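The values are calculated or read from the model by the stated rules, or taken from the named source; none is laboratory data. Keep in mind that this is a model prediction, so the values were computed, not measured. Note: ideal-geometry Cβ built from the backbone for every residue, glycine included; neighbour counts use all protein chains shown.
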Amino acid sequence: MHQKDWTIVISPQRRWFDIDLKNLWRYRDLFLMYIKRDIIVVYKQTILGPLWYIIQPALTTIMYMFIFGGLAGISTDGVPQPLFYLAGITLWNYYSAAFTASSNVFTENANIFGKVYFPRLIVPLSAITSNLVKMLIQLMLFIAVYVYYLLIGTHATINWSILLFPFYIVLLAFHAMGCGLIISALTTKYRDLTFLVSFGIQLFMYATPVIYPMSTTSGKIKTILELNPLTPIFEGFKHGCLGCGSLSWGGLLYSSIFMLILLCIAVVTFTRVERNFMDTV
């Protein structure tokens, strides 16, 4: 008998922790296509194009300098305000964009998911990767401002812990993806959550040391902020490139464990919901 190429394969019901990693690799071309789409299509019909990646953090920095540095008088630990705010904005913009993209996976791709099969995890994975490209462009702005202050003689201490920067980005990416996937799974049944996501992410920024150093906090407020798993990431980055903030190995371990637990819960929830989400979206 000649071997036949079957068009339908019947397999056992997937278990809770049964994640099809083999198919993720098989569809790597689609993964790359999604990345290209996310980067190019968004600004395809704009006049300034990718320059918006630089204009947005630049305008945000100016606004923060006026409101938080000028009117509120919040300390930046002796670091020039543009450098301090850009350091926080660069990381936060990446986290926020990756979270938002992951939280909209089901609602924004319902038409595609209903017509053709491919591993759904490709969409959030491509989102955190494409936003990484945008973050690197914004990082160039931060480096340019950093070099300017060095040339005019402003003291900004860089140390060896800046080598942990790739690790910080990995933590941020999967923290964002984990939270986003849980929200995405919940919004298939509870659409009201979509209206709370943008508001909630803004509130969460103020619970993260983006526009202020941890040195200005104390007591219960400091304890609460330390429970935020993103705090050691932002503090560690500022410590490495600006000399302010602090590097906490215990904090990074806590953030890593939190991320792994969150990501496991998120992926399991996501894979369970994707089987019948078309009935509720």
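Quick look at the values:
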item	result
Flag for Thr46 being within 25 Å of the chain's Cα centre (by Cα), part of a helix (DSSP H, G or I) and either modelled with pLDDT of 80 or more or over 23 Å from Cys264 (Cβ atoms) (or both)	no
Test result for Pro209, in a loop (DSSP other than H, G, I, E, B), crowded, with 17+ Cβ neighbours inside 10 Å, of a type outside the set (Lys, Arg) and in contact (Cβ under 8 Å) with a residue 12 or more places away in the chain	yes
Residue list for the stretch 205-254, filter: of a type in the set (Phe, Trp, Tyr) and over 22 Å from Leu86 (Cβ atoms)	Trp249, Tyr254
Phe142 vs. criteria farther than 28 Å from Met33 by Cβ, surrounded by 15 or more Cβ atoms within 10 Å (Cβ to Cβ), at pLDDT 90 or above and touching a Leu at 6+ places or on another chain (Cβ under 8 Å)	yes
Given (1) outside any helix (DSSP H, G or I); (2) surrounded by 14 or more Cβ atoms within 10 Å (Cβ to Cβ); (3) at pLDDT below 85, number of the condition Val79 does not satisfy	(3)
Selected residue (only one of Leu59, Leu91 is surrounded by fewer than 17 Cβ atoms within 10 Å (Cβ to Cβ) and modelled with pLDDT of 90 or more)	Leu59
